[in-house]
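Only one structure is covered here, and it is reproduced in the block below.
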Amino acid sequence: MRGYRLASLAAVVLLIALPAKPQSGGELRFVLRSEPKTFDPILVDDEASETIRYLTGGVLIRVNRKTQALEPELAESWKVSEGGKKIKFRIREGLSFSDGTPFGAEDVAFTMQKLMDPDLHSPTGDSFRSSQGPVRATASSVRDVTVEFPAPVAGVERLFDQVAIVSAHSPKKDSAVLGPFAVAEYKPGSYILLKRNPNYWKKDVQGRKLPYLDSIRLDIQQNRDLELLRFKRGEIQLINNLDAAYFESLAKAAPAAVHDIGPSLDSEQIWFNQVPTAPIPDYKKKWFRSTAFRTAISEAINRDDLCRVVFSGHARPAVGPVSPANLFWFNKSLEPHPHDSQSALRRLQQEQFRLDGQVLKDADGHPVEFSVVTNAGNKYREQMVTMIQQDLEQIGIKLNIVTLDFPSLIERVSRTFDYELCLLGLINVDLDPNAQMSVWLSSSSNHQWNPEQKSPATWWEAEIDGLMHAQASTNDQNQRKRYFDQVQKIVWDQQPFIYLVNKNALAAISPALANTAPVVLRPQTFWNVETLYLSNPRPGAGQ
Amino acid sequence: MKVLRPTAAAFLVAVFIVLLFAGILAPAPYAKQFRESPNALPSRIHLLGTDELGRDLFSRLLYGSRVSLLLAPAASLLATLIAALVGGIAGYVGGGLERIALASMDLSMSMPWLFLLLTVRAVLPLNLAPVASLLITFALLGFFGWAAAARVICAGARSLRNSDFVLQAKACGCSSLRILLRQVLPNLGPVLYAQFLISIPVFILTEANLGILGLGVSEPLPSWGGLLRGLENWGIVQANPGRLAPLLLLFVVVSCFQLVVPQEDIPS
């Protein structure tokens with residue numbers, strides 16, 4: 001009898017330990033925070049449309065959001081040649097679009113032609129434009145297609161993660177898709193209903209057709225308080241990009257539902273205005289152009305406190321332009337600049353600054369006082385500048401805080417250059433350094449601290465220009481990494497941007513949703529949507 | 001009502017006295033960040049707890065109330081003076097001047113002043129001290145907030161224009177300026193007083209609105225608008241009901257201002 005009991009107990013333990021069999025059916029619900037501007041995957045330029053493209057589009061190559069490695073999707077294999085000028089795909093056979101139209105190499109060629117059509121101004125197409133000249137896509141057989149570029153495109157294969165293939169022949173045009181779901185219903189301002197693509201090609205290890213979910217309902221809802229409330233009620237099962245305050249609030253109510261995934265790709269940084277023609281006094285321009293001055297400011301800022309107080313611990317002190325979340329491109333030899341007010345003061349004293357009582361003065365006796373601008377209404381940025389204000393006060397610097405509405409801020413920062421210090425954030429969606437080209441090239445309009453230079457103003461900007469061009473002109477990833485590591489080191493030394501924090505990626509996932517593996521890359525929570533399933537697959541069954 | 005009015009007035013006087021001594025009563029400097037205890041609950045050290053940056057909420061409430069409650073009456077006084085000047089002259093002179101003045105009041109009231117305030121705020125010099133930016137904000141409120149009061153005062157002056165005592169003064173050969181200053185203005189006194197009191201809560205709320213948009217008084221200076229932003233996160237408010245103190249005080253003070261205005265002077 002005792003043996004029987006033990007055997008029963010062992011069986012129960014085994015049943016619990018075994019992974020549950022995925023259940024098909026059910027509807028996943030979450031919120032889009034804005035109306036998608038388009039359903040055409042070629043024209044996607046906003047986050048809501050990108051979500052639809054991710055859920056419905058089939059791509060040749062997919063960046064695995066967890067490993068950040070490239071994986072074959074519609075393309076069985078590919079080969080890059082001529083240093084990145086040519087890429088040849090061998091596509092899978094026997095696949096069809098959601099409406100039953102067969103998929104072939106012609107569709108890839110058609111998609112590339114549409115993508116590069118100058119009349120369409122496709123934002124996705126822009127990333128393929130390495131230089132003047134046409135991009136040619138040729139289908140040599142039903143399964144082989146070659147795309148040729150006028151000049152080498154570094155990391156070209158990674159760009160295909162954004163290219164959802166559209167059908168050349170389907171009468172349904174853009175609504176014929178190769179992804180796991182297809183748009184079934186759209187009520188503007190209210191919701192978008194996606195239904196399972198009956199012709200989706202992927203199967204699980206047991207040979208069951210994916211995706212497991214029947215449908216996804218995306219409610220269009222801008223109010224984040226309501227989103228949180230609906231999650232608590234179980235009406236939605238996912239929240240991406242939670243901010244720290246909401247995360248903490250939800251953590252108290254449902255600790256099992258919140259996930260701090262670690263540092264994201266996004267950063268918050270400050271930079272001094274170094275534009276020679278800026279309408280600010282010459283002596284201030286001299287401070288702002290001094291590397292020692294910028295480094296001292298960086299040292300005076302207590303990044304650990306920013307992370308702990310402003311972001312409730314859900315952020316990490318930032319190192320540079322690449323977050324540690326970017327596994328391949330992050331320069332691991334660099335550390336965040338440590339907080340050290342005394343070292344900051346010593347550095348400033350070496351530059352002929354001196355403390356006069358509680359006020360820091362430069363060699364000519366000007367008290368060190370400047371203003372920081374940031375966008376009004378962003379609570380975290382306002383708190384960060386308030387903390388920086390107190391940090392700088394420790395070394396005798398007076399910082400005036402100015403919060404402006406966003407258009408006024410952009411006007412000052414990018415047109416009139418009537419500002420001294422600015423705090424803004426950078427949202428990174430691309431892992432490849434090519435995406436940051438416009439920030440680092442001194443001739444670029446996005447080179448924020450001193451844009452559109454005719455020739456580099458400093459030796460280090462000239463060096464960054466050279467390194468960015470060099471990394472873009474080779475397809476050897478290790479060589480590119482070496483070049484970009486040097487860029488990160490120069491930025492770390494020179495501090496044109498003083499990086500403050502990398503916010504953590506925070507998400508909420510209902511325990512009712514299984515197989516989840518949230519990651520820092522977008523879309524954090526549903527990157528593996530085809531394998532997600534509901535443990536209780538009734539429509540609307542949340543928690 | 002007989003009891004309420006003096007009670008409200010006494011409460012306002014008491015609040016003003018407390019605020020004048022904020023420097024003595026505040027347990028900590030309003031800008032000091034106790035970074036080891038952000039969002040602390042009320043305690044003996046921090047009577048109302050601390051805000052997100054660890055600043056003492058009671059000290060910030062004292063200083064913030066001083067900012068809002070001393071500058072709102074100043075802005076209201078400015079607005080009432082402009083309204084008295086424009087409305088009084090227009091109502092007394094009448095004719096084309098009154099029509100032009102009324103049209104400009106209508107135009108002024110129909111303008112989206114919030115956006116104008118945002119624009120003016122955006123073009124101000126960047127290195128303004130928080131106190132200077134605060135004074136400018138309230139001065140702007142005063143300059144922009146005269147139109148509604150001017151309409152009421154214009155109507156009052158118009159009714160006095162043909163009154164017996166004004167006609168008698170005219171018959172005696174008094175100059176228009178003398179009649180305006182000696183006859184009309186003293187009789188408009190209760191209306192001006194009521195308009196002054198009515199405008200105070202309006203300006204307090206306008207500053208609070210600007211503060212909620214992040215465009216009010218610059219950090220680290222506190223104001224009611226800035227303090228009310230602390231209510232954005234309901235989770236924090238639930239944890240520390242002391243966060244509701246600025247809202248409660250705003251409600252009570254605005255109500256008191258309404259109660260002290262003689263009901264017969266409030267325009268319908």
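Below are the figures for this structure:
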read-out	value
Residues (in a helix (DSSP H, G or I) and surrounded by fewer than 18 Cβ atoms within 10 Å (Cβ to Cβ)) located in region B:83-101	B:Leu85, B:Val93, B:Gly95, B:Gly96, B:Leu97, B:Arg99, B:Ile100
Total residues in region A:223-281, condition among the polar types (S, T, N, Q) and in contact with a strand residue (DSSP E or B) (Cβ under 9 Å, 6 or more places away or on another chain)	7
Odd one out for A:Asp364 among (1) acidic (Asp, Glu); (2) buried (at least 22 other Cβ atoms within 10 Å of the Cβ); (3) over 30 Å from the mean Cα position of the chain (by Cα)	(2)
Qualifying residue in region B:166-185 (condition: under 14 Å from the mean Cα position of the chain (by Cα), surrounded by 15 or more Cβ atoms within 10 Å (Cβ to Cβ) and part of a loop (DSSP other than H, G, I, E, B))	no
Number of positions in region B:230-246 that are within 14 Å of another protein chain (Cβ to nearest Cβ), in contact with a helix residue (DSSP H, G or I) (Cβ under 6 Å, 6 or more places away or on another chain) and not in a loop (DSSP other than H, G, I, E, B)	5
Residue match in region B:21-34 (condition: within 30 Å of B:Phe143 (Cβ to Cβ), within 19 Å of the chain's Cα centre (by Cα) and modelled with pLDDT of 90 or more)	no
Tally, over region B:172-228, of residues that are of a type in the set (D, E, K, R) and at pLDDT below 85	2
Residues that are touching a residue at least 24 places away in the same chain (Cβ under 8 Å), out of contact with any strand residue (DSSP E or B) (no Cβ under 6 Å at 6 or more places or on another chain) and not hydrophobic (A, V, I, L, M, F, W, C), drawn from region A:380-392	A:Tyr380, A:Gln383, A:Asp391
Test for A:Lys481: is it part of a strand (DSSP E or B), in contact (Cβ under 8 Å) with a residue 40 or more places away in the chain and not aliphatic (A, V, I, L, M)	no
Hits in region A:272-294 - residues which are crowded, with 21+ Cβ neighbours inside 10 Å and either farther than 24 Å from B:Leu124 by Cα or under 21 Å from the mean Cα position of the chain (by Cα) (or both)	A:Phe293, A:Arg294
Residues located in region A:371-391, provided they are surrounded by 22 or more Cβ atoms within 10 Å (Cβ to Cβ), facing chain B (nearest Cβ under 8 Å) and in a strand (DSSP E or B)	A:Val373
Out of B:Ser68, B:Ser110, B:Ser104, B:Ser59, sole residue that is surrounded by 23 or more Cβ atoms within 10 Å (Cβ to Cβ), small (Gly, Ala, Ser) and either at pLDDT below 90 or farther than 27 Å from B:Phe257 by Cβ (or both)	B:Ser68
Region A:392-439: number of residues that are more than 14 Å from chain B (Cβ to nearest Cβ), buried (at least 22 other Cβ atoms within 10 Å of the Cβ) and either of a type in the set (S, T, N, Q) or assigned to a helix (DSSP H, G or I) (or both)	1
Wholly within region A:160-259, strands (runs of 3 or more DSSP E) carrying at least 2 residues that are of a type in the set (Val, Ile, Thr), in contact (Cβ under 8 Å) with a residue 40 or more places away in the chain and away from chain B (no Cβ under 14 Å)	A:215-220
Single match in A:Ser98, A:Ser77, A:Ser140 (criterion: buried (at least 21 other Cβ atoms within 10 Å of the Cβ), of a type in the set (S, T, N, Q) and in contact with a strand residue (DSSP E or B) (Cβ under 7 Å, 6 or more places away or on another chain))	A:Ser98
Subset of region A:484-519 [part of a loop (DSSP other than H, G, I, E, B) and either farther than 18 Å from A:Arg65 by Cβ or in contact with a Gly (Cβ under 6 Å, 6 or more places away or on another chain) (or both)]	A:Gln495, A:Pro496, A:Ser510, A:Pro511, A:Ala512
Lone unmet requirement of (1) modelled with pLDDT under 95; (2) away from every other protein chain (no Cβ under 14 Å); (3) within 35 Å of the chain's Cα centre (by Cα) for A:Asp340	(1)
Residues located in region B:112-154, provided they are outside any helix (DSSP H, G or I), farther than 30 Å from B:Leu180 by Cα and of a type outside the set (Gly, Ala, Ser)	B:Pro112, B:Leu124, B:Pro125, B:Leu126, B:Asn127, B:Leu128
Residue that is farthest from the other protein chains (Cβ to nearest Cβ), among those in region B:115-147 that are surrounded by fewer than 18 Cβ atoms within 10 Å (Cβ to Cβ) and under 21 Å from B:Phe196 (Cα atoms)	B:Phe143
Inter-residue pairs, beta-carbon under 7 Å, first more than 14 Å from every other protein chain (Cβ to nearest Cβ) and in region B:9-36, second part of a helix (DSSP H, G or I) and of a type in the set (S, T, N, Q), 6+ apart	B:Leu19/B:Ser65; B:Ala26/B:Ser59; B:Pro27/B:Ser59
Options A:Ala457, A:Ala507; residue that is touching a residue at least 40 places away in the same chain (Cβ under 8 Å), touching a Pro at 6+ places or on another chain (Cβ under 9 Å), of a type outside the set (S, T, N, Q) and more than 26 Å from A:Arg316 (Cβ to Cβ)	A:Ala457
Any chance A:Trp271 is out of contact with any His (no Cβ under 8 Å at 6 or more places or on another chain), assigned to a helix (DSSP H, G or I) and closer than 20 Å to A:Gln448 by Cα	no
Which listed residue is within 14 Å of another protein chain (Cβ to nearest Cβ) and surrounded by fewer than 21 Cβ atoms within 10 Å (Cβ to Cβ), from B:Leu249, B:Leu221, B:Leu227	B:Leu221
Test: residue in region A:137-157 that is part of a loop (DSSP other than H, G, I, E, B), within 28 Å of the chain's Cα centre (by Cα) and of a type in the set (S, T, N, Q)	no
Failed criterion for A:Gly104 (all others in (1) among the small types (Gly, Ala, Ser); (2) within 23 Å of A:Arg33 (Cα to Cα); (3) over 25 Å from the mean Cα position of the chain (by Cα) hold)	(2)
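Yes or no, residue by residue, for (1) surrounded by fewer than 24 Cβ atoms within 10 Å (Cβ to Cβ); (2) aromatic (Phe, Trp, Tyr); (3) touching a strand residue (DSSP E or B) at 6+ places or on another chain (Cβ under 9 Å):
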{"residue": "A:Ala457", "(1), (2), (3)": "yes, no, no"}
{"residue": "A:Ala462", "(1), (2), (3)": "yes, no, no"}
{"residue": "A:Asp465", "(1), (2), (3)": "yes, no, no"}
{"residue": "A:Gln471", "(1), (2), (3)": "no, no, no"}
{"residue": "A:Val487", "(1), (2), (3)": "no, no, no"}
{"residue": "A:Asp493", "(1), (2), (3)": "yes, no, no"}
{"residue": "A:Asn502", "(1), (2), (3)": "no, no, yes"}
{"residue": "A:Pro511", "(1), (2), (3)": "yes, no, no"}
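The values are calculated or read from the model by the stated rules, or taken from the named source; none is laboratory data. Just so it is clear, the structure is predicted and the values come from calculations on it, not from any experiment. Please note: Cβ atoms are built from the backbone with ideal geometry, for glycine as well, and neighbour counts cover all protein chains shown.
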